Structures are given as C-alpha cells and as structure tokens.
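S.K.: Quick one: structure below, then a few questions.
The values are calculated or read from the model by the stated rules, or taken from the named source; none is laboratory data. Here the structure is a predicted model, which is why all the values come from computation and not from measurement. As a convention, Cβ positions derive from the backbone with ideal geometry for all residues, glycine included, and neighbour counts pool all protein chains shown. Quick note on the areas: whole protein, heavy atoms, side chains included, nothing else; ligands and nucleic acids left out. Shrake-Rupley method; radii C 1.70, N 1.55, O 1.52, S 1.80 Å.
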Amino acid sequence: MTRRGAFIGCIADDFTGATDIASTLVRAGMKTVQSIGIPEADDPMIADAEAIVVALKSRTIAPMDAVAQSLAALDFLRGAGCRQIAFKYCSTFDSTEHGNIGPVAEALAKALGQQITIAAPSFPGNGRTVYNGHLFVGRALLNESGMQNHPLTPMRDANLVRVLQAQSKGTVGLIDLPTVLKGAEHVRAAIEKAQAEGATLLIVDAISEADLKVIGQACHDHVLITGGSGIALGLPDNFRTHNDLSGADAAVLPVVAGKEVVLAGSGSLRTNLQVARWIEAERPAYRIDVMKLAAGESVVQEAIAFFDTHTDQTVLIYATSPADELRQVQAAIGAQKAGEMVEHALGLIARSLRDRGVRRFVVAGGETSGAVVQSLGVKGLCIGAPIAPGVPATVSTGSVPLALALKSGNFGEADFFEKALLALSGDQS
Ligand SMILES: Nc1ncnc2c1ncn2[C@@H]1O[C@H](COP(=O)(O)OP(=O)(O)OP(=O)(O)O)[C@@H](O)[C@H]1O
Ligand SMILES: O=C(O)[C@@H](O)C(=O)CO
C-alpha cells in the first residue's frame, strides 16, 4: 500500500494514452508510475508514487465491459488513497455512438457521487484544440483530419457536445472559450450554473496549455475529471499548494542492452508517413499482408524469418496501410476481426523476438501497443524523458527490463522511429 496515498489516480482507456498522461504528470513534477492493467494492492511499484496511471485496453470493447474494468480500476485507485481521479481518453475523442467515453464517465461519476463532470480532450502540444465545442486537429476539423478513416473508431463529427450526447444518458453542455479566458472563478461559476440547469457532462473549450491550467485550477475539488493528457497539466499545482510534492523529474532510465525492433499496427496518417520514411531510407521492412494472415498463411513465421535474416540491421514489421487499402481489407474481413488478427499477430511476433534477444521495442498504435505489451507480459512502466510530445521513453518493471516507446498513431514527426530507437538505446545526441 502507498506511503501516504497517492494524490492523483488516472484510468486510461488505452496504453499509449496512459504513457501520454504519465509523461504529462512527470513533466508537471509528480512522481508517477504506470501499471499495465490493475496492479495488486501491495505492488511495490506504487509504494511512493504521487500519481498512479492504470492503463486499460477499454477504448473499443463493449461499453459494459469498459465500465466494469474502469470501476475496478477506480476501486484500486481509491484503495491506494488517490484523492482525485482523471479518466484519460484520446485527444481526438476516439469513441463510437455507444461509447465508451460517455458510459465510463457517467459510471465513474456515479460511483464517486459527483453530479457534474468536465470533458476536456484538448492537447495543444499535439495540435488538438477545442473551440465552441468543436475539435480541431491542427487546422482541420476532427472529421476532416484523417480521423474519419480510423480503423476502429472513425470520427465523423467534430461537434463534441453532439458526439458525447449520443453516447450518454445525462445532458451534455458546453463551457466556451470566453469563459475559460476569464479565469478559474468564471469556469467554476459556469459549472455551477450548468449543473443547476441539469447538465451532467460538460465539454470545455481549450486552445492553449494556459487554458488547461485554468480548467485544472477550477476543478481542484472535483474528485473526477475527464479528458486528454492536457487536463493533467493543471492538476499537480492544486496539490502543491497544500502538500510537498517531490517535484520529481522524468526517471533516469537504465540503458537496456539488446536487440531492437519497430512494430507498427497503427492506421493513422502520421504512422503511414513514418513507415514511408523508413522504407524510403531503404531500411529493412516486412509488411504484414492481412489477407494472407486471414487465409491462415504463415505470416507470423515469415516476419520472424525476416528478422532472423537481418542480423545486423534494425527491422520494421508493419501492418500500417493507407486508408483505401485498409478499407478494402476491412470490407473483405470485417474491421474488428481484421484488427484483432493484426494485433494478435504483432503480439506473437513481439514475443518471439523477445525470445531472440530483442529488448528495445518501438511500437506504433494505441491498440497495437496494448496487444504487444500484454503479449510481452509487461506489468508496469517507469516513465522517462519525452521522445516527442505525448510519447516518453519507458522501461518496464520486472526481472527482464524492456525499453519501450509506445506511440499513439498520430504522434511524432516523420523521423520518429529513428529518434525513438536512439532514445531507447540511451544515446541522447
Ligand atoms: N492493414 C490492416 N488491415 C486491417 N486492420 C489493421 C491493419 N493494420 C492495422 N490494423 C488494425 O487497426 C487498428 C489500429 O489501431 P491502433 O490503436 O493500434 O492505431 P491507430 O489507428 O493509430 O490509433 P491510435 O490513435 O489509437 O493510436 C488495430 O486494431 C490494428 O490491428
Ligand atoms: O490523447 C491522445 O491523443 C493519445 O494519448 C491517445 O490516447 C491516442 O490513442
């Protein structure tokens, strides 16, 4: 059990989202640990943590299951003494008309006895901003940003009030940017007014980190807040006022010796760019042919053989494909089945490569990272310095440490794979 109880507990709906918010909390000066799934109550990893991030893989599962897993995580975090709970979802609000953001937020609020809860997905550091309730990715509306083609959660409406309303039982309202710009007291007054008018969930506009800090300050006594990792920017300060935080910086991670690999299962535009860049540089790359995989051909074995024949080069193994190809595969096999098959294959490949001495993994895609990390049996992560906004270097806990960079699909510049490999190798140049 924790020394005095952690301050903040986060429930993240995917694994890269979890490392993203863990990285933000570390950046804001909190000693943070990330657990893969719900840890044991006496896990030594959480003993002196100031923030605990529980990574679930609940973004695309049935709403009922997502609610059950999130409530179990909540029980654990409350048992660990956490005074404030943050439900972390994607800064592009990845969800379907059935959930899981609305159902999970409502279930957590009910369990915590909170009547109104904010929903603030903005992540200005990665170009995601919310204005008049509409989510922008860079200059594009969400539904014109490439996210309309997401393999599992296509986002076809940028109006988050409407999106959240469709998946919630209560009433969704909006706190607009002019209110946020007036400061924390005005945001608090707007929340109280919305609550009096019957709202239960509130999308909050934010276009800058300063806005997110105002929102964090306004919600200092909310036992539950929900949003993207940006929402964590303003939370540590609330605890700093009354308590001594360690002011911990990113963990200095041990250098993990061994072989390395890049695995990409993301369908995002950015990962497509990163894969293309790798191939243009004539670095070895094995493409997983999903139709062959579906036909039961030995794709996993071929990928491993490809790795074995490139003994002195780092290889990329990828299923990432442009949106039109992805659509064809999904039409033939079904989106969910195709996704599960690819995740399973990449999980098996990761495990075999670990048995062949791979110790450093760069993984692209949230669901993909979840599948890989689960297959590798990783239980917890120490969070190091950021490689790109929202993507820290990490090293797994346990007797055989693995260095991992888990990247949300749309994060990182075109050269992210090279940068991440360097960072995981301990080369800071
Ligand atoms: N060629 C393909 N055909 C069909 N499905 C695929 C293909 N490549 C990847 N997938 C599946 O698409 C999904 C991609 O989701 P994932 O969360 O890993 O990355 P993402 O699309 O970038 O999303 P995020 O922004 O959450 O990281 C996975 O389930 C993966 O198995
Ligand atoms: O918030 C984000 O954009 C990421 O942390 C993420 O969750 C993408 O899957």
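S.K.: How much of the accessible area of region 108-162, probe 1.4 Å, is carbon plus sulfur, in whole percent?
M.R.: With neighbouring chains kept in place, the figure for region 108-162 is 47 percent.
S.K.: For region 57-120, state the semi-axes of the equivalent ellipsoid (square roots of 5 times the eigenvalues of the alpha-carbon gyration tensor), sorted largest first and rounded to whole angstrom.
M.R.: 19, 13, 11
S.K.: Still on this structure, I have one more. Run the numbers for THR171 and ASN132: contour at 0.36 nm per residue of separation, minus the present Cα-Cα distance, in nm.
M.R.: 12.3 nm
S.K.: What percent does the relative contact order of region 218-329 come to when contacts are Cα pairs within less than 8 Å and at least six residues apart?
M.R.: 33 percent
S.K.: Based on the alpha-carbon gyration tensor of region 52-176, what equivalent-ellipsoid semi-axes (square roots of 5 times the eigenvalues) come out, in whole Å, largest first?
M.R.: Here the semi-axes work out to 25, 15, 14 Å.
S.K.: For the chain, what proportion of DSSP beta bridges, expressed in % and rounded to the nearest 5, is antiparallel?
M.R.: Percent antiparallel among DSSP bridges in the chain is about 30.
S.K.: So what are the chain's ellipsoid semi-axes, whole angstrom, largest first, if each one is the square root of 5 times an eigenvalue of the alpha-carbon gyration tensor?
M.R.: After scaling each eigenvalue by five and taking roots: 34, 25, 19 Å.
S.K.: How big is the charge dipole of the chain about its Cα centre, in debye rounded to the nearest 20, if each Lys and Arg gets +1 on its Cβ and each Asp and Glu gets -1 on its Cβ?
M.R.: 320 debye
S.K.: Any chance you could give the angle, 0 to 90 degrees and rounded to 10, that helix 323-333 forms with the longest Cα principal axis of the chain?
M.R.: Its long axis makes an angle of about 80 degrees.
S.K.: Over region 133-233, consider all pairs of different Cα atoms and compute the Kirkwood hydrodynamic radius from their mean reciprocal separation; express it in Å, one decimal.
M.R.: Details: mean 1/r = 0.0694 Å⁻¹.
One decimal place: 14.4 Å for the Kirkwood radius.
S.K.: Next question, about the same structure. Round to the nearest 10 and give me the degree value, 0 to 90, for the angle of helix 269-280's Cα axis relative to the longest principal axis of the chain.
M.R.: 30 degrees
S.K.: Moving on. Could you give me the radius of gyration and the Dmax of region 204-321, taking only the C-alpha atoms into account and expressing both in angstrom?
M.R.: Values for region 204-321 (Cα only, Rg and Dmax): 22.2, 60 Å.
S.K.: May I pose another question? What order, most packed first, do the peptides 51-57, 274-280 have when packing is the mean number of other Cβ atoms within 10 Å of each residue?
M.R.: Taking the mean over residues of other Cβ atoms within 10 Å, the ranking is 51-57, 274-280.
S.K.: Ordered by packing density, taken as the mean number of other Cβ atoms within 10 Å over each peptide's residues, highest first, how do 5-16, 300-311, 33-44 rank? Display every interim value, and only then the final one.
M.R.: On the way: 5-16: 26.6, 300-311: 14.8, 33-44: 18.6.
Ranking the peptides 5-16, 300-311, 33-44 by packing returns 5-16, 33-44, 300-311.
S.K.: Here's something else I'd like to know. Run through the DSSP bridge list for region 308-429 and note the antiparallel percent, rounded to the nearest 5.
M.R.: 60 percent
S.K.: Here is a follow-up. What is the sum of charges, Lys and Arg at +1 and Asp and Glu at -1, for the other residues whose Cβ falls under 15 Å from the Cβ of ARG156?
M.R.: Summing Lys/Arg as +1 and Asp/Glu as -1 gives -2.
S.K.: Follow-up question, since we're still on this one. Students sometimes get this wrong: rank LEU174, LEU263, LEU112 by accessible area, probe 1.4 Å, all chains present, largest first. Please list the in-between numbers first.
M.R.: On the way: LEU174 75, LEU263 0, LEU112 30 Å².
Accessible-area ranking of LEU174, LEU263, LEU112, largest first: LEU174, LEU112, LEU263.
S.K.: Give me the 1.4 Å probe accessible area per residue for the chain, excluding ligands and nucleic acids, in Å².
M.R.: Dividing the accessible area of the chain by its residue count gives 40 Å².
S.K.: Continuing with this model, one more query. Take every Cα pair under 8 Å in region 20-122 that's 6+ residues apart, average their separations, divide by the length, and report that relative contact order as a whole percent.
M.R.: Rounded, it is 23 percent for region 20-122.
S.K.: Now for a separate question. Any chance you could give the angle, 0 to 90 degrees and rounded to 10, that helix 335-355 forms with the longest Cα principal axis of the chain?
M.R.: Computed tilt is about 60 degrees.
S.K.: Take the alpha carbon atoms of region 1-94, find their radius of gyration, then divide it by 2.2 N^0.38 Å using N residues; give the quotient.
M.R.: Cα Rg divided by the expected 2.2 N^0.38 Å: 0.99.
S.K.: Over the chain, what is the relative contact order in whole percent, taking alpha-carbon pairs under 8 Å and six or more residues apart?
M.R.: On the way: 966 pairs, mean separation 81.3, N = 429.
Averaging sequence separation for qualifying contacts and normalising by length gives 19 percent for the chain.
S.K.: If packing is taken as the average number of other Cβ atoms within 10 Å across a peptide's residues, how do 347-358, 365-376 rank, most packed first? The partial results should precede the final answer.
M.R.: Working: 347-358: 18.1, 365-376: 26.8.
Ranking, from highest mean packing down: 365-376, 347-358.
S.K.: Please give the calculated 222 nm ellipticity per residue for the chain, where each DSSP H segment of at least 4 residues contributes -39500 (n - 2.57) and the sum is spread over every residue; nearest 500 deg cm²/dmol?
M.R.: Taking each H run of at least 4 residues, the total per residue is -11500 deg cm²/dmol.
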